[in-house]
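The structure appears below as structure tokens.
Derivation of every value follows stated rules applied to the coordinates shown; laboratory data play no part. As the structure is a prediction and not an experimental result, all values here were calculated from the model. Backbone-built Cβ (ideal geometry, glycine too); neighbour counts: all protein chains shown.
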Amino acid sequence: QGDSRDIDSETKTVCPFCGVGCQVSVKIKEGRVKSVEGINGPANEGRLCVKGRFGFDYIHHPHRLTKPLIRRDDAPDKGLNVDPANPFTHFREATWEEALDRAAHGLADLRSYYGGTSVAGFGSAKCTNEEAYLFQKFIRQGFKHNNVDHCTRLCHASSVAALMENVGSGAVTATFNEIENADVAIVIGSNPTENHPVAATFFKQFAKRGGELIIMDPRGTAMKRHATHMLQFRPGTDVALLNAIMNVIVEEKLYDRQYIEGFTEGFFEFRDHIRAFTPERMSELCGIEPEVIRDVARRFAGARAGMIFWGMGISQHIHGTDNSRCLISLALLCGHVGRPGTGLHPLRGQNNVQGASDAGLIPQVMPDYQPVTDVEVRELFKHIWRGTEIQAQPGLTVVEIMDRVYRGEIRGMYILGENPAMSDPDVEHARKALAKLDHLVVQDIFLTETANYADVILPAAAMPEKTGTVTNTNRQVQMMRAALPAPGEAREDWQVIVDLARRIGLDWDYDDPREIFDEMKMSMRSLHHITWKRLEAESAVTYPCSGPDDPGQAVVFGDGFPRRAGRAKFTPARVTPPAEVPDENFPMVLTTGRQLEHWHTGSMTRRASVLDAVEPEANCSLHPSTLRRLGVEPGGMVRLVTRRGALEVMARADRAVAPDMVFLPFAYVEAAANILTNPALDPFGKIPEFKYSAVRVEAVEDR
Ligand code: SF4
């Protein structure tokens, strides 16, 4: 641990990994991170998980990009270079001037020859709010369309679609810390012990002091040890289970009539719809006994204060929006919104996915979720952006953009801090698409799998090297401060975006991220009363915020919703089967997710020495009985085969996984989970069905 005599500097900033947004103190000695400690941020209250405490040394990895790179003229056809000893072999170093000119002119030339829609952009939830704002402005102003998106599409797009539709706001209605005021909490489709570890500590404390913790998940999670109820339902049957719970609440008249009359609309249609979903009928589908369904329904409806937390187990389905609609209806039925200890909380993934979404890095909406289809919104931005016409046509989403790239309709891309060559479903399709691009500009901290396909690579500062604001899952806008300079010639993303913008003909004159933040405030009501100066002094302010001294509201919508007549809406959901179901060729179910030690596509954590030492090898989890049936010992190799592809990976025995399931983490390039996943999309959120693919598991003879 840091000792003031042993360090050169100490900086308060925010953890760069998950959406909990823990505040940290980073101690520097001789230009390197010596230690990281949790400090008293509003979300973490001094706590940290293993990634926050031991995961920062990725920034010192020898493979950091420190100079701009340009693809060599004699490089072979674009593809994944799998030679870890020579990762840079297809690129040559360049000056910033040459690289920026090459990057910008390539994009501008495509715009001239083929029109603006020949270029699309993926921004990043690993950037600050100011950088996310600038990136979407770069595409919208520079190329005159809305084809700009980021990884929210792959995590909670369906949750946001349902929340916008039924509640009128895409953010959480209560911070996760509000669980201390709840009696009952449902955690569904989420494994917070691994994915939101510090939030999980608050959940465990809640259980310890007698709160009823109800876990619902097809995979048994570590948190089930703390739960009063563990409902391990069949994968893909979320709507059946949730509708059955709500059927009980309706039939037994356990709902909060006064709340429904005062704050909602659509109840009577919903009530008629839900009557068909009896626990007996749904039990066959979801695999949970009717009496258990009844018990959970009575406990949640009877609670004084109840909360619902969910993760990507809910959202990453072709019925992800329906899943979220059910959770919203469940909370509304019971009046569990708008009071202390109540609320709806989709646990956000990346440390700034909330902020990047708020900043408009979404194809359908401008900053603060203002629809591009609304003429008044377009007029507002035309005014702020000095005459820029905003296109009324909502843009394409991540997977749709990659499809257009594959078909040759999009010829150029600017990808900042995203890694679609690992993160897209059916990733071989995405890789083939990337290889077809006439011009690809990648801005990142490492030579990611996606950067392998680039024409120009621009080296960026990592989050501990940046200053700017980020917003966590709790709606807490926090000040991120640079703890040390970026290595070599790497630069902060906002500076690079500005330089590219000027080169494609935009009249931009930002000199400091606070100027960008001030511009954001012109269009974003969510930032009212939140100033750069306040954030410098207070480090965090929650939105919405009612005045200069208000720390912000932990719980919202106590007096109505930002919808017509202030009412939230019940939207009925029908049971929809997954896009593909097991058959004799692919008899099991594949589900994917994270591990505690590794973060998303692994570009950071697999270069963090402690984290990679703890989890060095690609692995999957199978039930011991499945391993026995296959004749594979724990630690042996299995081959996973889906309709998209196949890979070999080490198998672990895990009783938490049902015998007909396999769980596969997606952080490992050598066994990239998305080679297997299904690109079928939820029709509303356009999120892929990462959580359900039909798979065959085979033993591999030799290891
Ligand atoms: Fe970082 Fe999330 Fe861990 Fe907190 S819980 S230290 S934000 S990874």
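Quick notes
- Loop sites in region 163-251: trypsin sites (Lys or Arg not before Pro), DSSP, at most 10 other Cβ within 10 Å: ARG209
- If the segment from ASN86 to ARG298 were pulled out straight at 0.36 nm per residue, it would be longer than the present Cα-Cα gap by 70.3 nm.
- Projecting the Cα atoms of PRO562, PRO624, PRO582 onto the charge dipole of region 472-627, computed from C-beta unit charges around the Cα centre, puts PRO562 farthest toward the positive end.
- Kirkwood Rh, Cα atoms: Rg over Rh of region 89-188: 1.16
- Dividing the helix sum by the residues of the chain, where each DSSP H run of 4 or more adds -39500 (n - 2.57), gives a mean residue ellipticity at 222 nm of -9000 deg cm²/dmol.
- Rg/Rh for the chain, where both radii come from Cα atoms and Rh is the Kirkwood radius: 0.95
- Aspartates and glutamates with Cα under 19 Å of LYS569, excluding same-chain neighbours fewer than 8 positions away: GLU165, ASP256, GLU261, GLU265, GLU269, ASP272, ASP322, ASP559
- Cα centroid of region 401-453 to Cα centroid of region 272-290, whole Å: 43 Å
- If you look at the Cα atoms of region 512-604, you get an Rg and a Dmax of 22.2, 63 Å.
- 3J(HN,Hα) couplings calculated from phi for region 513-524 with the Karplus curve 6.51 cos²θ - 1.76 cosθ + 1.60 (θ = phi - 60°) are, in sequence order, x, 5, 5, 5, 4, 5, 5, 4, 5, 5, 10, 10 Hz; Gly and Pro show x.
- Reachable aspartates and glutamates, given that their alpha-carbon falls under 15 Å from the alpha-carbon of LYS208 and they are not under 8 places away in the same chain: GLU180, ASP183
- Here the chain is assigned +1 on the Cβ of each Lys and Arg and -1 on the Cβ of each Asp and Glu. Its dipole about the Cα centre then comes out at about 940 debye.
- Looking at the chain alone, DSSP beta bridges between its own residues are antiparallel in about 50 percent of cases.
- Loop trypsin sites (Lys or Arg not before Pro), region 395-432 (other Cβ atoms within 10 Å of the site Cβ: 12 or fewer; DSSP): ARG407
- THR342, THR278, THR642 arranged by Cβ crowding within 10 Å, fewest neighbours leading: THR278, THR642, THR342
- Estimated translational D of region 583-699 in µm²/s (Stokes, Kirkwood radius over Cα pairs; 37 °C; 0.692 mPa s): 226 µm²/s
- Only lysines eight or more places from LYS137 in sequence, or on another chain, were considered; those with a Cα closer than 30 Å are LYS12, LYS67, LYS78, LYS126, LYS382, LYS432, LYS436, LYS466, LYS521, LYS533, LYS686.
- Considered as an equivalent ellipsoid built on the Cα gyration tensor, region 482-533 has semi-axes of 24, 18, 7 Å, the largest given first.
- Dimensionless Rg over Rh [region 145-254; C-alpha; Kirkwood]: 1.00
- Additional length obtainable on full extension of the chain from ARG639 to ALA222, 0.36 nm per residue less Cα span: 147.5 nm
- The loop-placed trypsin sites (Lys or Arg not before Pro) in region 570-679, going by DSSP, that have at most 15 neighbouring Cβ atoms within 10 Å of their Cβ come out as ARG574, ARG643, ARG655.
- Between the residues VAL662, GLY142, ILE260, the greatest Cα displacement towards the positive end of the dipole of the chain, with unit charges on the Cβ of Lys, Arg, Asp and Glu, is found for ILE260.
- Inter-centroid distance (Cα atoms) of region 574-596 relative to region 149-218, Å: 23 Å
- Centroid-to-centroid separation of region 222-261 and region 632-695 [C-alpha atoms, Å]: 28 Å
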